[in-house]
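The values are calculated or read from the model by the stated rules, or taken from the named source; none is laboratory data. All values reported here derive from a predicted model rather than from experimental measurement. We place every Cβ from the backbone using ideal geometry, glycine too, and count neighbours over all the protein chains shown. Please note that ligands, DNA and RNA were not included when accessible areas were found on the heavy atoms of the full protein model with its side chains. Shrake-Rupley method; radii C 1.70, N 1.55, O 1.52, S 1.80 Å.
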Amino acid sequence: AIIVIDTQNEFLAPGGWFERLGYDIDRLRRILPDLSAFLDRARQLGVNVIFVRHQYDRSKLTPDMLERSRLLFGSEEGFPSPGSWGEAFCEPVLPLDDEPVITKHWYNAFSNPQFEELLQKLEIKTLVLTGGMTHVCVETTARASNHRDYRCIIVEDCVTGNSADRHRTTLSN
């Protein structure tokens, strides 16, 4: 299955949280045309596509996670919030009506048990990871998938990160 991680407005769209934090949105958005074309071809071939979105829901976070949010962002208020523009997927990388969308509340897609349940139901053995951020949610999900005996592939031109060095280091690892 192709796993599309966190391709949401807060991270990749002009006016989103990452742009407001000062990240180079143009660099982050460079993956969108390639990722869109990659998904189109995969769909033509009948490959499963699963979207994973990050949603910041304080009620789902542990005290340690809230503390990390304070350290990383200076606030316990996170992004993207449920039902917001920022939570929506960034065009042109959008799920089709019949493609599953899994909501996670922290970096790792496996943090939502429904993700692995879906993989098992679909008899998925290989995860092809795309999206962002390479060195955070993509890498965390890749490591967790390896610990669960899934084969894992990260598609270099279909992932992005807000740090070129960390992006390259993750791909090298």
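Among the residues of the stretch 77-88, is any among the charged types (D, E, K, R) and at pLDDT below 90? Yes: the stretch 77-88 contains one or more residues that are among the charged types (D, E, K, R) and at pLDDT below 90.
Taking the conditions (1) touching a residue at least 12 places away in the same chain (Cβ under 8 Å); (2) of a type in the set (D, E, K, R); (3) open to solvent by 60 Å² or more (accessible area, probe 1.4 Å); (4) over 14 Å from Val155 (Cβ atoms) in turn, Glu19 satisfies each one other than (1). A residue that is farther than 16 Å from Ile31 by Cα, touching a Phe, Trp or Tyr at 6+ places or on another chain (Cβ under 7 Å) and of a type outside the set (D, E, K, R) cannot be found anywhere in the stretch 147-162. Of the residues Ser81, Ser69, Ser36, which single one is among the small types (Gly, Ala, Ser), assigned to a loop (DSSP other than H, G, I, E, B) and surrounded by 13 or more Cβ atoms within 10 Å (Cβ to Cβ)? None of the others qualify; the one that does is Ser81.
Please count how many residues of the stretch 131-172 are outside any helix (DSSP H, G or I) and at pLDDT 90 or above. Total satisfying the criteria: 17. Does at least one position in the stretch 53-66 carry a residue that is in contact with a Pro (Cβ under 6 Å, 6 or more places away or on another chain) and over 21 Å from Tyr107 (Cβ atoms)? No, the stretch 53-66 has no match at all. For Glu91, indicate whether it is loosely packed, with under 13 Cβ neighbours inside 10 Å and under 16 Å from the mean Cα position of the chain (by Cα). For Glu91, the condition - loosely packed, with under 13 Cβ neighbours inside 10 Å and under 16 Å from the mean Cα position of the chain (by Cα) - is met. Say we look at the stretch 48-62 and pick out the residues that are open to solvent by 60 Å² or more (accessible area, probe 1.4 Å) and outside any helix (DSSP H, G or I); which of these is nearest to Arg168 (Cα to Cα)? Ranking the candidates gives Arg53 first. Would you confirm whether or not the stretch 103-125 contains a residue that is under 25 Å from Gly16 (Cβ atoms), of a type in the set (A, V, I, L, M, F, W, C) and open to solvent by 70 Å² or more (accessible area, probe 1.4 Å)? Scanning the stretch 103-125 turns up no residue that is under 25 Å from Gly16 (Cβ atoms), of a type in the set (A, V, I, L, M, F, W, C) and open to solvent by 70 Å² or more (accessible area, probe 1.4 Å).
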